[in-house]
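Only the coordinates and a few stated rules stand behind these numbers; no lab work does. Predicted model, so just to flag it, every value in this text is computed and none were measured. With ideal geometry, Cβ positions are generated from the backbone for all residues, glycine too; neighbour counts draw on all protein chains shown.
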């Protein structure tokens, strides 16, 4: 899987993100008081955690990005990548029903969620991106 604007992460880098996502899942389970999975419900709980953490540290933000990205990677057969078209940013590159690749902007969306609050919900972002990934043709 490749895209001219992006570059897949090296296996070791991707493995580190998976480990960070697992760490985030465990912390989120503690926060929620229940087991959390890599799914839309997990993202709803992450929205709550972010809402209660107005000034997160950079390491905590990285955990949130890793968790969000792992939801997409696991649910949509994606791969971690770096996009360089307007700087450098972490995305999950997912195949679409149309047969092309779509970069899911997980790092950018987590930043938006922190800055703008629930208006940029991660759970809603997951639903919107999932619809895009499953469209069979462009909507014009």
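With a Förster radius of 30 Å applied to the C-beta separation of residue 39 and residue 98, the computed FRET efficiency comes to 0.80. Taking only Cα atoms, what is the 0 to 90° angle, nearest 10, from helix 122-134's long axis to the longest principal axis of the chain? Between helix and principal axis, roughly 20 degrees.
Placing one equal scatterer on every Cα of the stretch 37-99 and applying the Debye formula, the log10 ratio I(q)/I(0) at q = 0.20, 0.21, 0.22 Å⁻¹ is -0.88, -0.94, -0.99. Between 0 and 90 degrees, the angle of helix 11-32 with respect to the longest Cα principal axis of the chain falls at about 40 degrees.
How fast does the chain diffuse by Stokes-Einstein, in µm²/s, taking the Kirkwood radius from C-alpha pairs at 20 °C and 1.002 mPa s?
Calculated translational D: 141 µm²/s.
Projecting label points 7 angstrom from Cα along Cα→Cβ for residue 52 and residue 127 puts them 2.3 nm apart. Compared with the direct C-alpha span, the chain from residue 136 to residue 12 gains 41.3 nm at full extension, assuming 0.36 nm per residue.
So what's the back-of-envelope 222 nm ellipticity for the chain, counting only DSSP H runs of four-plus at -39500 (n - 2.57) apiece and dividing by all residues, rounded to 500? Working shown, then result.
Values: 5 runs with 76 residues, N = 140.
Here the helix-only value at 222 nm equals -18000 deg cm²/dmol.
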